[in-house]
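Each remark here refers to the structure printed beneath this line.
The values are calculated or read from the model by the stated rules, or taken from the named source; none is laboratory data. As the structure is a prediction and not an experimental result, all values here were calculated from the model. Ideal geometry is used to build each Cβ from the backbone, glycine not excepted, and the neighbour counts take in all protein chains shown. All accessible areas refer to the heavy atoms of the entire protein, side chains included, with ligands and DNA or RNA removed. Shrake-Rupley method; radii C 1.70, N 1.55, O 1.52, S 1.80 Å.
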Amino acid sequence: MMSHVTFPGELRVVDDVVQAFCDLFRSSGARSVALSGGGTARDCYEELAVRARDWSAISVFFGDERMVPVEHPDSNEGMARQVLLDHVHPAAIHSMVAAGTDGYDAIIRAEPPIDFIHLGLGPDGHTASLFPGSPALAERERFVVETGDDLHPHRRLTFTVPAIERGVLVVVTVAGAEKREALDRVQRGEDVPATRIRAQRVIWLVDEAAAPDAPRSDA
Ligand code: 6PG
(Lines give C-alpha, C1' and ligand atoms only; values in the text may rest on other atoms or scores of the structure.)
Protein backbone atom coordinates (compact mmCIF):
# COMPACT_ATOMS: atom_id res chain seq x y z
CA MET A 1 0.00 0.00 0.00
CA MET A 2 1.45 3.38 -1.00
CA SER A 3 1.82 5.84 1.83
CA HIS A 4 -1.11 8.14 2.23
CA VAL A 5 -0.56 11.85 1.71
CA THR A 6 -2.27 14.35 3.97
CA PHE A 7 -5.94 13.55 3.60
CA PRO A 8 -8.01 16.58 2.47
CA GLY A 9 -10.15 16.73 5.60
CA GLU A 10 -11.14 14.77 8.69
CA LEU A 11 -11.72 11.06 8.01
CA ARG A 12 -14.26 9.37 10.28
CA VAL A 13 -14.75 5.62 9.90
CA VAL A 14 -18.22 4.92 11.29
CA ASP A 15 -20.49 1.91 11.64
CA ASP A 16 -23.41 3.60 9.91
CA VAL A 17 -22.79 6.46 7.48
CA VAL A 18 -26.48 7.41 7.38
CA GLN A 19 -26.82 7.70 11.15
CA ALA A 20 -23.50 9.55 11.44
CA PHE A 21 -24.61 11.96 8.69
CA CYS A 22 -27.89 12.72 10.46
CA ASP A 23 -26.13 13.20 13.81
CA LEU A 24 -23.63 15.57 12.18
CA PHE A 25 -26.35 17.52 10.41
CA ARG A 26 -28.24 17.95 13.68
CA SER A 27 -25.16 18.98 15.67
CA SER A 28 -24.05 21.41 12.96
CA GLY A 29 -27.07 23.67 13.53
CA ALA A 30 -26.90 24.43 9.81
CA ARG A 31 -29.26 27.15 8.54
CA SER A 32 -28.42 26.41 4.91
CA VAL A 33 -27.70 23.11 3.23
CA ALA A 34 -26.71 22.03 -0.28
CA LEU A 35 -28.05 18.54 -1.02
CA SER A 36 -26.44 15.84 -3.11
CA GLY A 37 -27.84 13.21 -5.45
CA GLY A 38 -27.24 9.47 -5.46
CA GLY A 39 -28.25 6.45 -3.44
CA THR A 40 -26.25 7.25 -0.31
CA ALA A 41 -27.78 10.74 -0.24
CA ARG A 42 -31.26 9.26 -0.67
CA ASP A 43 -30.65 6.97 2.32
CA CYS A 44 -29.44 9.94 4.38
CA TYR A 45 -32.43 12.11 3.46
CA GLU A 46 -34.96 9.35 4.20
CA GLU A 47 -33.48 9.14 7.70
CA LEU A 48 -33.38 12.93 8.09
CA ALA A 49 -37.09 13.04 7.25
CA VAL A 50 -37.97 10.93 10.30
CA ARG A 51 -35.66 12.82 12.69
CA ALA A 52 -37.52 15.51 14.62
CA ARG A 53 -35.98 18.77 13.39
CA ASP A 54 -37.40 22.21 12.73
CA TRP A 55 -36.63 23.04 9.09
CA SER A 56 -38.61 26.30 9.09
CA ALA A 57 -35.43 28.39 9.18
CA ILE A 58 -33.33 26.23 6.85
CA SER A 59 -32.67 27.18 3.22
CA VAL A 60 -32.09 24.30 0.83
CA PHE A 61 -29.78 24.38 -2.20
CA PHE A 62 -28.44 21.68 -4.53
CA GLY A 63 -24.78 20.93 -5.23
CA ASP A 64 -25.55 19.40 -8.58
CA GLU A 65 -28.49 18.47 -10.72
CA ARG A 66 -29.36 16.56 -13.82
CA MET A 67 -30.97 18.77 -16.46
CA VAL A 68 -34.31 16.92 -16.43
CA PRO A 69 -37.72 17.96 -15.10
CA VAL A 70 -38.15 17.62 -11.32
CA GLU A 71 -40.74 14.90 -12.02
CA HIS A 72 -38.10 12.81 -13.84
CA PRO A 73 -36.89 9.78 -11.79
CA ASP A 74 -33.28 10.95 -12.24
CA SER A 75 -33.88 14.43 -10.77
CA ASN A 76 -31.88 15.12 -7.60
CA GLU A 77 -34.41 17.77 -6.59
CA GLY A 78 -37.26 15.35 -7.28
CA MET A 79 -35.63 12.72 -5.07
CA ALA A 80 -35.00 15.21 -2.25
CA ARG A 81 -38.56 16.54 -2.40
CA GLN A 82 -40.01 13.03 -2.39
CA VAL A 83 -38.05 11.58 0.52
CA LEU A 84 -37.38 14.69 2.63
CA LEU A 85 -38.42 18.21 1.62
CA ASP A 86 -42.13 17.49 1.14
CA HIS A 87 -42.13 16.21 4.73
CA VAL A 88 -40.10 18.86 6.55
CA HIS A 89 -41.15 22.10 4.81
CA PRO A 90 -37.91 24.14 4.79
CA ALA A 91 -37.86 27.95 4.69
CA ALA A 92 -36.76 27.93 1.06
CA ILE A 93 -35.88 25.50 -1.70
CA HIS A 94 -33.62 26.95 -4.38
CA SER A 95 -34.19 24.82 -7.48
CA MET A 96 -31.06 24.41 -9.60
CA VAL A 97 -32.89 23.16 -12.68
CA ALA A 98 -35.41 26.03 -12.48
CA ALA A 99 -32.73 28.73 -12.14
CA GLY A 100 -30.35 27.43 -14.79
CA THR A 101 -26.59 27.87 -14.89
CA ASP A 102 -26.30 31.67 -14.78
CA GLY A 103 -29.33 32.03 -12.51
CA TYR A 104 -27.99 29.58 -9.93
CA ASP A 105 -24.52 31.07 -10.08
CA ALA A 106 -26.10 34.42 -9.21
CA ILE A 107 -28.20 32.88 -6.40
CA ILE A 108 -25.17 31.24 -4.78
CA ARG A 109 -23.07 34.38 -5.23
CA ALA A 110 -25.73 36.49 -3.49
CA GLU A 111 -26.03 34.12 -0.53
CA PRO A 112 -23.72 33.88 2.49
CA PRO A 113 -21.46 30.78 2.44
CA ILE A 114 -23.55 27.63 2.75
CA ASP A 115 -23.34 26.14 6.24
CA PHE A 116 -23.48 22.47 5.21
CA ILE A 117 -22.62 21.10 1.78
CA HIS A 118 -23.30 17.38 1.31
CA LEU A 119 -21.24 15.56 -1.31
CA GLY A 120 -20.94 11.96 -2.40
CA LEU A 121 -18.09 10.04 -4.00
CA GLY A 122 -18.52 8.15 -7.25
CA PRO A 123 -16.56 4.93 -7.96
CA ASP A 124 -14.53 6.94 -10.53
CA GLY A 125 -13.69 9.59 -7.94
CA HIS A 126 -16.24 12.15 -9.06
CA THR A 127 -18.09 14.35 -6.62
CA ALA A 128 -21.18 16.45 -7.32
CA SER A 129 -21.11 16.34 -11.12
CA LEU A 130 -17.39 17.07 -11.37
CA PHE A 131 -16.26 14.12 -13.45
CA PRO A 132 -12.67 12.99 -14.11
CA GLY A 133 -11.00 15.05 -16.84
CA SER A 134 -13.83 17.58 -16.97
CA PRO A 135 -13.00 21.16 -17.97
CA ALA A 136 -15.32 22.15 -15.08
CA LEU A 137 -12.53 21.13 -12.69
CA ALA A 138 -10.42 24.06 -13.86
CA GLU A 139 -13.16 26.67 -13.30
CA ARG A 140 -11.98 29.18 -10.70
CA GLU A 141 -14.44 32.06 -11.16
CA ARG A 142 -17.95 30.67 -11.55
CA PHE A 143 -19.73 28.82 -8.73
CA VAL A 144 -22.03 26.88 -11.09
CA VAL A 145 -21.31 25.47 -14.54
CA GLU A 146 -22.98 23.14 -17.00
CA THR A 147 -21.15 19.86 -17.51
CA GLY A 148 -21.53 16.17 -18.28
CA ASP A 149 -19.69 13.24 -19.80
CA ASP A 150 -20.44 10.13 -21.85
CA LEU A 151 -20.34 7.84 -18.80
CA HIS A 152 -23.08 9.49 -16.73
CA PRO A 153 -26.67 10.21 -17.72
CA HIS A 154 -27.93 13.68 -18.66
CA ARG A 155 -26.28 17.05 -18.99
CA ARG A 156 -25.68 18.44 -15.53
CA LEU A 157 -25.38 21.63 -13.51
CA THR A 158 -22.77 21.43 -10.79
CA PHE A 159 -21.02 23.37 -8.07
CA THR A 160 -17.47 24.12 -9.09
CA VAL A 161 -14.44 23.68 -6.84
CA PRO A 162 -14.66 27.35 -5.70
CA ALA A 163 -18.31 26.83 -4.74
CA ILE A 164 -17.35 23.83 -2.62
CA GLU A 165 -14.39 25.70 -1.11
CA ARG A 166 -16.78 28.46 0.00
CA GLY A 167 -18.70 26.00 2.22
CA VAL A 168 -18.53 26.36 5.99
CA LEU A 169 -18.75 22.59 6.46
CA VAL A 170 -18.51 20.03 3.67
CA VAL A 171 -19.59 16.47 4.55
CA VAL A 172 -18.68 13.66 2.15
CA THR A 173 -20.52 10.37 2.65
CA VAL A 174 -18.84 7.20 1.36
CA ALA A 175 -20.45 3.82 1.93
CA GLY A 176 -19.74 0.37 0.53
CA ALA A 177 -16.87 -1.67 -0.89
CA GLU A 178 -17.52 -0.30 -4.37
CA LYS A 179 -16.12 3.04 -3.16
CA ARG A 180 -12.93 1.55 -1.69
CA GLU A 181 -10.74 2.19 -4.73
CA ALA A 182 -11.99 5.73 -5.23
CA LEU A 183 -11.46 6.60 -1.56
CA ASP A 184 -8.00 5.04 -1.62
CA ARG A 185 -7.12 7.18 -4.66
CA VAL A 186 -8.21 10.29 -2.76
CA GLN A 187 -6.18 9.19 0.26
CA ARG A 188 -3.14 8.68 -1.94
CA GLY A 189 -3.56 12.17 -3.31
CA GLU A 190 -4.30 11.05 -6.85
CA ASP A 191 -5.87 13.82 -8.90
CA VAL A 192 -9.44 12.57 -9.01
CA PRO A 193 -12.15 15.26 -8.65
CA ALA A 194 -12.93 14.42 -5.00
CA THR A 195 -9.30 15.00 -4.05
CA ARG A 196 -9.91 18.68 -4.75
CA ILE A 197 -12.57 19.01 -2.04
CA ARG A 198 -11.49 21.81 0.30
CA ALA A 199 -13.55 24.07 2.57
CA GLN A 200 -13.39 25.73 5.98
CA ARG A 201 -14.01 22.25 7.39
CA VAL A 202 -14.30 18.93 5.54
CA ILE A 203 -15.50 15.74 7.21
CA TRP A 204 -15.52 12.41 5.38
CA LEU A 205 -17.99 9.89 6.84
CA VAL A 206 -16.96 6.49 5.57
CA ASP A 207 -17.84 2.94 6.54
CA GLU A 208 -15.40 0.07 7.06
CA ALA A 209 -16.34 -1.48 3.73
CA ALA A 210 -15.05 1.64 1.98
CA ALA A 211 -12.04 2.12 4.25
CA PRO A 212 -10.96 -1.27 5.68
CA ASP A 213 -7.43 -0.07 6.49
CA ALA A 214 -8.29 3.23 8.13
CA PRO A 215 -8.21 3.49 11.94
CA ARG A 216 -11.62 3.41 13.56
CA SER A 217 -13.19 6.67 14.72
CA ASP A 218 -15.28 7.18 17.80
CA ALA A 219 -17.62 9.41 15.80
C1 6PG B 1 -25.23 12.78 -8.56
C2 6PG B 1 -24.52 12.92 -7.24
C3 6PG B 1 -23.22 12.14 -7.29
C4 6PG B 1 -23.29 11.12 -6.18
C5 6PG B 1 -22.19 10.09 -6.31
C6 6PG B 1 -22.37 8.98 -5.28
O7 6PG B 1 -25.93 13.72 -8.98
O8 6PG B 1 -25.15 11.68 -9.13
O9 6PG B 1 -24.37 14.20 -6.83
O10 6PG B 1 -22.08 12.96 -7.12
O11 6PG B 1 -23.17 11.78 -4.91
O12 6PG B 1 -22.28 9.54 -7.62
O13 6PG B 1 -23.61 8.38 -5.52
P14 6PG B 1 -24.03 7.01 -4.78
O15 6PG B 1 -24.14 7.35 -3.33
O16 6PG B 1 -25.32 6.62 -5.41
O17 6PG B 1 -22.92 6.02 -5.04
Discussion item. Just to compare against my own numbers: the Cα pair-distance distribution for the range 96-154, 10 Å bins, whole % per bin, please.
Written reply: 19, 50, 30, 1
Discussion item. From the phi angles alone, apply the Karplus equation (6.51, -1.76, 1.60; θ = phi - 60°) to the range 20-29 and give each ³J(HN,Hα) in whole Hz, x where the residue is Gly or Pro.
Written reply: 5, 4, 5, 4, 5, 4, 5, 6, 6, x
Practice prompt. Starting from the Cα of ALA177, step 7 Å toward the Cβ, then list every residue of the range 10-43 with an amide N under 16 Å from that point.
Written response: none
Fill in: Calculated FRET efficiency for the pair ARG201/ALA91, C-beta based, R₀ 25 Å, to 0.05
0.60
Fill in: Efficiency of FRET from Cβ geometry, ASP74 and GLU208, R₀ 45 Å, rounded to 0.05
0.90
Item to complete: Calculate, in nm to one decimal, what GLU46 and ASP149 gain on full extension: separation in residues at 0.36 nm each, minus their alpha carbon distance.
Response: 34.2 nm
Worksheet entry | Relative contact order %, the chain, counting alpha carbon pairs below 8 Å whose residues are six or more apart | 28
Worksheet entry | Accessible surface of the range 51-153, 1.4 Å probe, proportion on carbon and sulfur as whole % | 54
Response to the item:
What the Cα atoms of the range 173-219 span along the principal axes, largest first and in whole Å, is 23, 22, 15
Fill in: Within the range 35-81, GluC sites (Glu not before Pro) in DSSP loop having at most 13 other beta-carbon neighbours inside 10 Å
GLU71
Worksheet item: How big is the range 74-127 by the Kirkwood estimate over distinct Cα pairs, in Å?
Response: 13.1
Fill in: Ranked order, ARG26, ARG180 - accessible area, probe 1.4 Å, largest first
ARG26, ARG180
Response to the item:
Residue by residue through the range 102-107, the couplings from Karplus 6.51 cos²θ - 1.76 cosθ + 1.60 with θ = phi - 60°, in Hz, x for Gly and Pro, are 5, x, 6, 4, 5, 4
Worksheet item: For the chain, how big is the tail of P(r) above 27 Å, as a whole percent of Cα pairs?
Response: 25
Worksheet item: To the nearest 10 square angstrom, what accessible area does ILE114 show with a 1.4 Å probe?
Response: 10
Worksheet entry | 222 nm mean residue ellipticity, helices alone, for the chain (DSSP H n ≥ 4; -39,500 (n - 2.57); rounded to 500) | -7500 deg cm²/dmol
Worksheet entry | Principal axis dimensions, largest first and in whole angstrom, of the range 1-60 by Cα | 47, 20, 20
Response to the item:
Karplus ³J(HN,Hα) for the range 73-79 (6.51 cos²θ - 1.76 cosθ + 1.60, θ = phi - 60°; Hz, whole; x = Gly/Pro) runs x, 9, 6, 5, 5, x, 4
Worksheet item: How much area per residue is accessible in the chain when the probe is 1.4 Å and only protein heavy atoms are counted (Å²)?
Response: 44
Worksheet item: Taking the Cα centre of each part, how many Å lie between the range 93-108 and the range 172-192?
Response: 29
Practice prompt. Search the structure for amide H atoms under 5 Å from the amide H of SER129, placed 1.01 Å from N in the peptide plane, and list their residues when 5 or more places away or on another chain.
Written response: PHE159
Worksheet, complete the sentence: Residues whose built amide H sits under 5 Å from the amide H of ARG31, excluding neighbours closer than 5 in sequence, are ASP115
Response to the item:
Those trypsin sites (Lys or Arg not before Pro) from the range 63-144 that are DSSP loop and have at most 13 other Cβ neighbours within 10 Å turn out to be ARG140
